[in-house]
Amino acid sequence: MSEEIQFPKDKMRLCPVCRMPISVWAIRCRFCGETVGRPKKEIETFTVEDLGGETPTAKNTLSEEVLEAIEEFRKELVETPPKEEPPSIWNLWGRYKTTTYNTQGKKIQRVSPIRWLIIFGTVSLFIILSYFFGPSVWSQLKLLLQEKPGNVLEYDNRALIMLENGEPIERVLQEALKAFETTNSEEDQKILLQVRTKLIEQINTLLTREPYNPLDTAEASRICSEVIKVDYDPKIQDLYRKVIEEISAYKMTLTQIDPTNKKATFHLNNPSFSLREQIVTEGELVQDRFLVRQILSSRVRLEDTKVINEGKPRKLTISLMGEVKADL
């Protein structure tokens, strides 16, 4: 029978609290449970045999530096935290996380502010793009789905009937748009173009009607504001800009009259015109458009050279600190 392998036992020392024998390597007493720490100076002389090496011919004392290195190595074995999963494209959260350990060894994870900025920026960009491009993208998606074979839809287009019955043009256009987006047929497309043409004619009639009435331009503005929300055609957008320009051109105020020298001072609120104030005499143009026909003591008579009805320009009048009205 082979002899059993025997390992040398640890050197012993006395616990400083209960005075019971414990190993020189122990950091806590197995009898009283107190933390004993490192051995005292007189016990810190270990030989190679004490550390588990082969029995030397002569015993050598380990230096202070070797003992400190052994103690640091022991702490690393006890206190080294578990490794974290390395950051990757599938672990974006870990990329912006900082992991620390408190005095009790518990893991504490803190998220870097960079991650929150990325999340906030992504959500904001998605909201902005959805607001501006959402309706048009949704319309295109519906058209693509409707173009698939076997997915032909039918819709009773009532746009022309509504137009004949004199219903509001904005409702007629909404019906024509809905029918065309549902079926995407050539017939519904022709009806949509016909309704758009009718809308443009109606708006131009309101803008050029004689005599001038500010309620007509207000009605044209209301219709365009409703239509542009649902119809993104370039012609509708150009029509809306034209209405805004017409309203801005008529927003001028007569602030001063010099009847002796036949001069009048106008304050202009037209963003498309560079000047904000203009002094004119009879025969000159205000905003390069309104001809000054006559300067009286309390008002000025004008002609709109861009609005011609039956070969004659639209006649206007504006009183001191008043609004533009028709010259009846």
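A few points about this structure:
- Within the option set 317, 255, being outside any helix (DSSP H, G or I), hydroxyl-bearing (Ser, Thr, Tyr) and crowded, with 17+ Cβ neighbours inside 10 Å holds for one residue only, 317.
- The number of residues in segment 222-238 that are assigned to a helix (DSSP H, G or I) and surrounded by fewer than 18 Cβ atoms within 10 Å (Cβ to Cβ) comes to 7.
- Filtered residues of segment 294-310 (kept if under 22 Å from residue 214 (Cα atoms) and either part of a loop (DSSP other than H, G, I, E, B) or in the same structural domain as residue 204 (by TED's automatic domain parsing) (or both)): 298, 310
Yes or no, residue by residue, for (1) modelled with pLDDT under 90; (2) surrounded by 15 or more Cβ atoms within 10 Å (Cβ to Cβ); (3) touching a strand residue (DSSP E or B) at 6+ places or on another chain (Cβ under 6 Å):
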position	(1), (2), (3)
137	yes, no, no
141	yes, no, no
168	no, no, no
173	no, yes, no
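- Scan of segment 278-293 for residues that are surrounded by fewer than 18 Cβ atoms within 10 Å (Cβ to Cβ), assigned to a strand (DSSP E or B) and out of contact with any Ser or Thr (no Cβ under 9 Å at 6 or more places or on another chain), ordered by number: 281, 293
- The set of residues in segment 259-274 that are farther than 15 Å from residue 293 by Cα and part of a strand (DSSP E or B) comprises 267, 268.
- Only one of the numbered conditions (1) charged (D, E, K, R); (2) within 18 Å of residue 215 (Cβ to Cβ); (3) in a strand (DSSP E or B) is violated by residue 246, and that is (3).
- When 99, 103 are checked against the criterion of being among the polar types (S, T, N, Q), more than 30 Å from residue 231 (Cα to Cα), at pLDDT below 70 and loosely packed, with under 11 Cβ neighbours inside 10 Å, a single residue qualifies: 103.
The values are calculated or read from the model by the stated rules, or taken from the named source; none is laboratory data. Since we're looking at a predicted model, the values are computed, not measured. Counting neighbours? That spans all protein chains shown, and the Cβs are built from the backbone with ideal geometry, glycine included.
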